[in-house]
Amino acid sequence: MSETRTRNRWDEVFARRTKENAADGLSSILALANKTDLISFAGGFPDPSTFPGAELADHFDRLVRERDVSAFQYAPVAGLPGPRALIADRLERDGTRPGEDELIVTSGAIEALELLGKSLIDSGDLVLVEGPTYLGAIMAFQSFEASVRAVPLDEQGLDVERLESTIAAHGRPKFLYTIPDHQNPAGITLASDRRQRLVEIARHHGFLIVEDVAYRELGFTEDRLPSLWSLGPDVVVQAGTFSKTFIPGVRLGWGAGPRELVASMVWAKQNTDQCATALGQRLLEEYGRAGGLDQQARRSRALYSRRCALLMEALEAHMPDGVLWTRPRGGFFSWLELPEGIDGSAVARRAVDEGVAIVPGAPFFPGVGGAGNVRLSFSRVEDDLINEGIKRLASVIEEHIRKG
Ligand SMILES: Cc1ncc(COP(=O)(O)O)c(C=O)c1O
């Protein structure tokens, strides 16, 4: 059998849903973000300097010495009791404590989104997202053959008027996915009055809101707006993660929401990975109960706030006229709008030659959009490289403006 025929056969076996995949998705971003010879504003990675050190080794050591069976055995599908209580306590501090059957521990926030997709989406179902939004969420929903549509954002967050007109034009969605705090990729926070309005719209039309709080704890100031879940526990499922506030290496997150929906996520998890890492859950619990999570969040907020300020200064100093950017109050990202006609993908490709990695805007939209945008992540660029990186990026943009 010839090599060509074998290749053709593999093309034929792929499921229909794989054809929907957004370009090459996250893997190219992760590849760029991991390159050490570039000044990388690419991946939404936490800075390794925020990761716990010796204190985590002590917790691990104790679990091993004490032969803590719960850390090494399979865990219940919805999570171990101790880590669940820790998460519930933290959510209570944030406004609402989930009941016993309103919480599931997941393998990262991305798994919470996958489980919701698996439980809720039939082929062709309408799912609304923000435009732009987290690429991983678009990929997760499209993998269940959802029809994913974007509702625009403005500087106050999701445009709720446009949400209403989108529903009028396309019907009631299965759910709306939103990142209200320090959004990925735009760095925007949903205004207080819009939070209330959004919950009212969901109640009125009878659809679910999926609230992703990945960056909620990483505001540059202590004050937070109410979570959507605390405003509408009857219509919201919250997906959260410990990737940005603890370590992505353990792959831990949660889903909290109405019990019927959490029950369906538990059902979906049984034949996904069955349980989130027990060892990770126990480490999280010990570290969190000893105050580690709160201390780490304080250190992280200070670090990211400083990096964001350096990025803002550098953009102000170097960007040519006509380039606009968002001014985040937390999180990892600023979103650039390039002058009319300048293509973000071309700028991103050319920037690599100058030793700078950025992500073009288009993959953050489910359909068309974002061609004239790029995302900058300031979370993992060393302080003293931010200015140099932005200077080089600015000269690449100037070159494109000159060429027309
Ligand atoms: C908005 C958002 N949600 C979820 C995730 C993924 O979280 P996790 O690592 O827990 O899967 C990310 C990571 O980039 C994100 O930006």
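Miscellaneous remarks
- 26 Å Cα cut-off, lysine pairs counted over the chain (separation 8 or more, or different chains): 11
- A dipole drawn for the stretch 263-318 from +1 and -1 charges on Cβ atoms has a positive end, and of ASN271, SER305, GLY292 the residue lying farthest that way is GLY292.
- Against the criterion of solvent-accessible heavy-atom surface with a 1.4 angstrom probe, VAL352, VAL237 sort, most first, into VAL352, VAL237.
- Net dipole in debye of the stretch 243-357 [+1 Lys, Arg Cβ; -1 Asp, Glu Cβ; about Cα centre; nearest 20]: 660 debye
- In terms of accessible area, using a 1.4 Å probe and ignoring ligands and nucleic acids, ASP122, ASP321, ASP61 rank largest first as ASP321, ASP122, ASP61.
- Qualifying chymotrypsin sites (Phe, Trp or Tyr not before Pro) in the stretch 72-175, where qualification requires a DSSP coil assignment and no more than 11 other C-beta atoms within 10 Å, comprise TYR74.
- Length-normalised contact order of the chain in % [C-alpha pairs under 8 Å, at least 6 apart]: 23 percent
- Each Lys and Arg adds +1 at its Cβ and each Asp and Glu adds -1 at its Cβ; summed about the Cα centre, the stretch 154-307 shows a dipole of about 440 debye.
- Surface accessible to a 1.4 Å probe, per residue, for the residues of the chain, Å²: 44 Å²
- Surface share of carbon and sulfur [accessible, 1.4 angstrom probe, percent] for the chain: 50 percent
- GNM top mover of ALA314, ALA302, ALA168 - the chain, alpha-carbon springs below 10 Å: ALA168
- Only protein heavy atoms count here; under a 1.4 Å probe, HIS205 has an accessible surface of about 50 Å².
- Between the stretch 89-137 and the stretch 172-199, the C-alpha centres lie 13 angstrom from each other.
- Computed with a 1.4 Å probe on the full set of protein chains, the accessible area for ARG289 sits at about 130 Å².
- About the Cα centre, charge dipole magnitude for the chain (Lys/Arg +1, Asp/Glu -1 at Cβ), debye: 540 debye
The values are calculated or read from the model by the stated rules, or taken from the named source; none is laboratory data. As the structure is a prediction and not an experimental result, all values here were calculated from the model. Here Cβ is always computed from backbone atoms with ideal geometry, including for glycine, and neighbour counts include all displayed protein chains. Just so you know, the surface numbers come from the protein's heavy atoms only, side chains and all, with ligands and any DNA or RNA stripped out. Shrake-Rupley method; radii C 1.70, N 1.55, O 1.52, S 1.80 Å.
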